[in-house]
Amino acid sequence: MQQLIVQKFGGTSVGSGERIAAVAGIIKKESEVNSVVVVVSAMAGETDRLIELSKQFGDNQNKREFDALISTGEKVSASLLAMALNSLGLKAKSYTAAQVSLKTTSNFSKAMILDIDKAKMEEILADDSIPIITGFQGITETGEVTTLGRGGSDTTAVAIAASIKANRCDIYTDVDGVYTTDPRIVPNAKKLDAISMEGMLELAGQGAKVIQIRAVEFANKFKVPVRVLSSFSPGTGLSLIHI
Ligand code: ADP
Ligand code: ASP
Ligand code: MG
């Protein structure tokens, strides 16, 4: 039976035109079997670049303008990815947090997700285009743009998966799963085929940025199974974060 899957692609996964094309291929394959909703991060380095740009006018920028600026990278990658899917003959539409009414608290740069408009999501799911939603950003009750903290696209993806009762949330990144410790720092770190939510909360709490801790908290609270897998070598392995 067809499942509903949220696929999230991180910065390095959409870091160039070539990478976006590869990601479009992964989405195409999944969409031939299942119904998919996609969440994207900004292209690798883009959020850092935007933060640097803001520093031209001082280190303590107006918080509203800072979030308005640093949230823009996700809009670029979402639109480019929709175009890449179109070029493969698939219908796709990009959506911002405002367009899906993803509401957050008003503490800029560390906002917490409060609510996602279910009626809007149902409307989007009923449309015959693949939705590509910007990660990392939200809007306040009064419509101000907020961001969720660095690495926040993971949390967007799991929150959307919870809101649409997806069967699974797949976090595509540049490593093929969750390791005992950062495999880029400790080369003999071991990949975990499966890890419990509690185990993952502990790892994320120790700073394993492979998945933002708030995303694991959401997954645990709303019982969303999460997989971590590589967009660079699809099919080579993964880690399941189980309930
Ligand atoms: P993305 O841009 O896809 O969100 P991130 O850079 O945020 O990717 O997270 C992936 C990185 O997390 C990996 O490249 C790896 O260096 C790092 N990492 C830290 N701890 C772990 C861990 N325990 N298991 C796997 N990756 C880890
Ligand atoms: N683009 C944002 C960041 O660099 C969000 C994310 O990558 O998840 O932190
Ligand atoms: Mg990340």
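Numerical summary
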{"quantity": "Criterion (aliphatic (A, V, I, L, M) and within 25 Å of SER231 (Cα to Cα)) met by exactly one of MET112, MET200", "calculated": "MET200"}
{"quantity": "Output for segment 157-199, where each listed residue is small (Gly, Ala, Ser) and within 13 Å of ligand 1 (Cβ to nearest atom)", "calculated": "ALA157, GLY177, ALA189, GLY199"}
{"quantity": "Selection within segment 64-120 - more than 27 Å from ARG19 (Cα to Cα) and assigned to a helix (DSSP H, G or I)", "calculated": "ARG64, GLU65, PHE66, LYS118, ALA119, LYS120"}
{"quantity": "Of residues in segment 204-243 being hydroxyl-bearing (Ser, Thr, Tyr) and at pLDDT below 95, the one farthest from ARG19 (Cα to Cα)", "calculated": "THR236"}
{"quantity": "Number of positions in segment 125-162 that are more than 16 Å from ligand 3 (Cβ to nearest atom), of a type in the set (S, T, N, Q) and surrounded by 23 or more Cβ atoms within 10 Å (Cβ to Cβ)", "calculated": "1"}
{"quantity": "Residues being hydrophobic (A, V, I, L, M, F, W, C), away from ligand 2 (no atom under 14 Å from the Cβ) and either in contact with a Cys (Cβ under 8 Å, 6 or more places away or on another chain) or not in a helix (DSSP H, G or I) (or both) - total across segment 7-33", "calculated": "1"}
{"quantity": "Hey, ILE70 surrounded by fewer than 17 Cβ atoms within 10 Å (Cβ to Cβ), closer than 23 Å to MET112 by Cβ and within 16 Å of ligand 3 (Cβ to nearest atom) or not", "calculated": "no"}
{"quantity": "Members of segment 209-230 that are over 16 Å from LYS191 (Cβ atoms), within 16 Å of ligand 3 (Cβ to nearest atom) and not acidic (Asp, Glu)", "calculated": "LYS209, GLN212, ILE213, ARG214, ALA215, VAL216, PHE218, ALA219"}
{"quantity": "Tally, over segment 135-153, of residues that are touching a Leu at 6+ places or on another chain (Cβ under 9 Å) and within 16 Å of ligand 1 (Cβ to nearest atom)", "calculated": "3"}
{"quantity": "Matching entry among SER106, SER79 (being more than 30 Å from LYS29 (Cβ to Cβ) and away from ligand 1 (no atom under 16 Å from the Cβ))", "calculated": "SER106"}
{"quantity": "Filter result for ALA219 (small (Gly, Ala, Ser), over 21 Å from THR12 (Cβ atoms) and surrounded by 15 or more Cβ atoms within 10 Å (Cβ to Cβ))", "calculated": "yes"}
{"quantity": "So MET112, is it more than 16 Å from ligand 1 (Cβ to nearest atom) and more than 25 Å from ASP48 (Cα to Cα)", "calculated": "no"}
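The values are calculated or read from the model by the stated rules, or taken from the named source; none is laboratory data. Since the model is a prediction, treat every value here as computed from it, not as a measurement. In this analysis, Cβ positions are derived from the backbone assuming ideal geometry, glycine residues included, and neighbour counts consider all displayed protein chains.
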